[in-house]
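Participant: The structure is given below, and queries will be raised subsequently.
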Amino acid sequence: MTKMTFIKPDGEQIEIEAPNGLSILEIAHQNSERLYLEGACEGSLACSTCHVVIDQKWYDLLTPATEDEEDMLDLAFGLTQTSRLGCQIIMRPELEGIVVRLPAATRNMMV
């Protein structure tokens, strides 16, 4: 298990014990009573609704985004220099303490 912190749009911080090997999207869905991260395509890299902003300290430790992920990020609401898709970030011990911000809104092109 790896500790991580989600920061909700209202600033509330939620620390979670995250199983290694799961994506940030899957972890958020397991904690849906406290967090909301849509993931309309269920992690198939076909939308941007699991867009998250990674704290700069952790961003460089992530596996680089693929071209497909970057294409989907272009559709994300509130894109930043450290934006990623939660379905593409897999928790591992090196990410102990990672801080993830949830954007204020998502843009679901499927609706």
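Every number in this text was worked out from the coordinates using simple rules, so none of it is lab data. Worth saying up front: this structure is predicted, and the values here are computed from it rather than measured. All Cβ positions, even for glycine, are placed from backbone atoms using ideal geometry, and neighbour counts span all protein chains on display.
Participant: Could you work out the helix-only [θ] at 222 nm for the chain, with each DSSP H run of four or more residues adding -39,500 (n - 2.57) and the total divided by the number of residues, to the nearest 500 deg cm²/dmol?
Facilitator: The per-residue figure over the chain is -3500 deg cm²/dmol.
Participant: Within the chain, which is the longest segment containing none of the trypsin sites (Lys or Arg not before Pro) that sit in a DSSP loop and have at most 16 other Cβ atoms within 10 Å?
Facilitator: Here the longest segment lacking exposed loop sites spans 35-106.
Participant: Highest first, please rank the peptides 65-73, 45-53, 7-15 by the mean number of other Cβ atoms sitting within 10 Å of their residues.
Facilitator: 45-53, 65-73, 7-15
Participant: Report the gain in length on full extension from Thr5 to Arg92: 0.36 nm times residue separation, minus Cα-Cα distance, nm rounded to one decimal.
Facilitator: Taking Thr5 through Arg92 to full extension adds about 29.9 nm, to one decimal.
Participant: Against the 2.2 N^0.38 Å scaling, with N counting residues, where does the chain land? I'd like the Cα-based Rg ratio to two decimal places.
Facilitator: Dividing the Cα radius of gyration by 2.2 N^0.38 Å gives 0.95.
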